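No lab work stands behind these numbers, since they all come straight from the coordinates. Fair warning: this is a prediction, and the values are worked out from it, not measured in the lab. Here Cβ is always computed from backbone atoms with ideal geometry, including for glycine, and neighbour counts include all displayed protein chains.
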Amino acid sequence: MKPIRHILFVIFFGYLLFSADVLLANKNETISYYKNPKSIMNKISNRGSHAIVSELYSCHEAWDFVLQKIATATKSWLKVAVALHSGADAGTSEMLALSVGEALENSPEDVFRIVLKEFQLESICGGPDIDDVRYNNYELAMKAIKRRQDRISTLSNPKLKNVGKKCTQLLEKSKDGIARFYGIGE
């Protein structure tokens, strides 16, 4: 009886080691591609946006990095946001929209040109993520909204001015929700 237990133990232990190696290999794969927008786009083409969103989100370092890069409003990262959005669920979709909203502070023209086919204007023209330490009080959130409105006001493309005006109005409306959240004016 002991040899059978020993054999079963060896098989079970071997399975655990193999599983750990597979998990580590998947973790290393995630870490190897998330810093390059072209690599992310290739992964999405090969495996689908839902799989890539899930994989990136499961690695907080990778997901946070991608969100921060989207917020820079670099064209290639805005395209990544669009590609990831179709595979996002409610939570990850909201996180992507918040990053795109932050990108308005950098290049509203690129944001509007690239992402509006996939993202609703209402989702990107709201207030900042008040759970983010950079915006976790009333004054910081209001400053972020003002920066976005100021950048939008510099739009020179006549085709985007109307979109910019609507976005500015939505940002203005978002101030009420932030004020309520922080108990201002009650």
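Please work out the FRET efficiency for the pair ARG113 and ILE184, using the Cβ-Cβ distance as r and a Förster radius of 35 Å; give the result to the nearest 0.05. Efficiency computed from Cβ-Cβ geometry: 0.50. In terms of its Cα atoms, region 34-181 spans 41, 35, 21 Å along the principal axes, sorted from long to short.
The local environment of PRO158, defined by Cβ-Cβ distances under 15 Å, has a net charge of +4 under the rule Lys, Arg +1 and Asp, Glu -1.
Between GLU94 and THR74, 0.36 nm times their residue separation minus their Cα-Cα distance comes to what?
5.3 nm
For region 68-140, the C-alpha radius of gyration sits at 1.02 times the compact-globule guess of 2.2 N^0.38 Å, with N the residue count.
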